[in-house]
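To start, the structure itself, in structure tokens.
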Amino acid sequence: MLDESLLDAPERLTQADRRGLLRGAAEAGARVRTAARHAAEAGVGNLKPDGRPRAVLIAGPGAAATHAADLLGTLAGAGSPVTRLAPTGVAPAAGALRWELPGWAGSVDLLLIATPDGAEPGLSLLAEQAYRRGCTVVAVAPARSPLNDAVSASRGLFIPMATAPYDHDEPLAGAAPGVLWALLTPLLALLDRTGLLEAPPEAIDKVADRLDQIAERCGPAIVTYSNPAKTLASELAETLPVVWTEGTSAGPAGRRFAAALAELAGTPAVVADLPEALAAHNALLAGRLAAGADPDDFFRDRVDEPPALHARVVLLRDRPSGGLTAAPNARDLALGHDTPISELEPEEGGELETLAELIAITDFAAVYLALASGA
């Protein structure tokens, strides 16, 4: 059950935030600036790559590395050479995970390692394997982690992760807001230098500014009725979120939102891109998850029954390709099945700015839902 009174009690929210999730979301802009400074101090701005890499391989544990690869691949555009190396192992523990380079990886390829831990033996072994193959290695991880030594021994570039004092109070969640920006920002700066995407320093500054603006709009002191993140969290309570995305940048934001809901709030969600989502989820909305669906007697006594789970559509939009939009049909389908719909659309700006806004609002929403539901 969602404790809606908690949403408008800033002091209680702070007390409930044992994992530092709310602080991570609120300080995302500052984390971007610190991460950009670390990248600059590591010499990223002075790199002069000899052409673009044939492939960009990204390795790391958990949701943060997965989302970073998804975001970088999207920003790199059609024909993106970005590929995530999925780990294998018997458990998600740091010591159990292993990564392997593809058989074709070699001297014209770039390996990026992104981890909020840095103590994974498998990543150190991967850096050594990449060195033997002639791959260029760049890693972002905590400064005093074993991975630092492994990357240095592999003649790679190590960029210290931007951390906060409270990061070590509780185990870091892979979907935590601060973790994503701490790992993603240096990689944006690096791939800008390679020419794979556009993320110059001024664009990253704008991302930090946009994140600050969202923190002001969605912070714990802002009441629910004028706070888009709190409003979305309260709307998603005891529902199955059905996340539909439209526009290039909205896709990775929606996939991250679904993952954050599951990891942080314990709320399952499904996600798909428009217009295909209309066909993929039509049967789902027409079934027992529709708000009007009740196959049993309407007049039976429900006092001792848990509330029925119903779907709620969340539409994330960002500049549909070619100006064509499936949003009207999406609204018609949802409302035609008695399914409520929530919509988020960022203010105008560059691609990085609008992407950051969608991620920031949905991050705040996932955190508020987690705190208010006691997850």
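Can you put E128, E100 in order of accessible area, largest first, using a 1.4 Å probe? Display every interim value, and only then the final one.
Details: E128 80, E100 125 Å².
I get E100, E128, largest accessible area first.
Shape descriptor for the stretch 20-205: Rg over Rh equals 0.93 (Cα atoms; Rh from the Kirkwood inverse mean 1/r).
Applying 0.36 nm per residue to the separation of E238 and V90 and subtracting their alpha-carbon distance, the gain on full extension is 50.0 nm.
On a per residue basis, the chain carries 44 Å² of accessible surface, using protein heavy atoms and a 1.4 Å probe. Placing one equal scatterer on every Cα of the stretch 68-165 and applying the Debye formula, the log10 ratio I(q)/I(0) at q = 0.12, 0.20 Å⁻¹ is -0.38, -1.06.
Taking semi-axes √(5λ) of the Cα gyration tensor in Å as calculated from this structure, the corresponding entry among (i) 37, 22, 20; (ii) 34, 22, 20; (iii) 31, 24, 20 is (i). When the Gaussian network model of the chain links Cα atoms closer than 10 Å, the mean-square fluctuations of P346, P200, P328 top out at P328.
Sorting E263, E246, E235 by accessible area puts them as E263, E235, E246; the probe is 1.4 Å, largest comes first, and only protein heavy atoms count. So which residue, out of L289, L274, L232, gets the largest mean-square fluctuation from a GNM of the chain using Cα contacts under 10 Å as springs? In this elastic network of the chain, the residue with the biggest mean-square fluctuation among L289, L274, L232 is L289.
Only beta bridges with both residues in the chain are counted; by DSSP, about 5 percent of them are antiparallel. Among R23, R37, R210, the residue with the largest mean-square fluctuation in a Gaussian network model of the chain, with springs joining Cα atoms closer than 10 Å, is R37. Take the Cα of T325, step 7 Å toward its Cβ, do the same at A286, and the gap between the two points is 2.7 nm. Across the protein chains, with a 1.4 Å probe defining accessible surface, the residues R319, R312, R193 rank R319, R193, R312 from largest area downward. Surface composition of the chain: carbon and sulfur make up 53 percent of the accessible area, probe 1.4 Å.
What value, in deg cm²/dmol to 500, does the helix sum -39500 (n - 2.57) over DSSP H runs of n ≥ 4 give at 222 nm once divided by the residues of the chain?
Numbers: 15 runs with 170 residues, N = 375.
Dividing the helical sum by the residues of the chain leaves -14000 deg cm²/dmol.
Note on D50/E343: beta-carbon distance plugged into 1/(1 + (r/R0)^6) with R0 of 41 Å gives a FRET efficiency of 0.35.
Based on the mean of other beta carbon atoms within 10 Å per residue, what is the order of 355-361, 264-270, most packed first?
Working: 355-361: 26.3, 264-270: 19.1.
Highest to lowest by the protection proxy: 355-361, 264-270.
Between A221 and D332, what length in nm is gained on full extension when 0.36 nm per residue of separation is reduced by their alpha carbon distance?
Values: separation 111, 0.36 × 111 = 39.96 nm, distance 3.52 nm.
Stretched fully, the A221-D332 segment lengthens by 36.4 nm.
By how many degrees, between 0 and 90 and to the nearest 10, does the Cα long axis of helix 62-76 differ from the longest principal axis of the chain? It is inclined by approximately 80 degrees.
Under the classification rounded if a/c is under 1.5, otherwise prolate if a/b is larger than b/c and oblate if not, where does the stretch 223-373 fall, given a ≥ b ≥ c as square roots of the Cα gyration tensor eigenvalues? Write out the running numbers ahead of the final one.
Numbers: a/c = 2.28, a/b = 1.39, b/c = 1.64.
Judged from the Cα gyration tensor, the stretch 223-373 comes out oblate (a/c at least 1.5, b/c at or above a/b).
The values are calculated or read from the model by the stated rules, or taken from the named source; none is laboratory data. What you see is a predicted model, and the numbers here were worked out from it, not measured in a lab. No Cβ is skipped: glycine too gets one built from the backbone with ideal geometry, and neighbour counts run over all protein chains shown. For accessibility, only protein heavy atoms count, side chains too; no ligands or nucleic acids. Shrake-Rupley method; radii C 1.70, N 1.55, O 1.52, S 1.80 Å.
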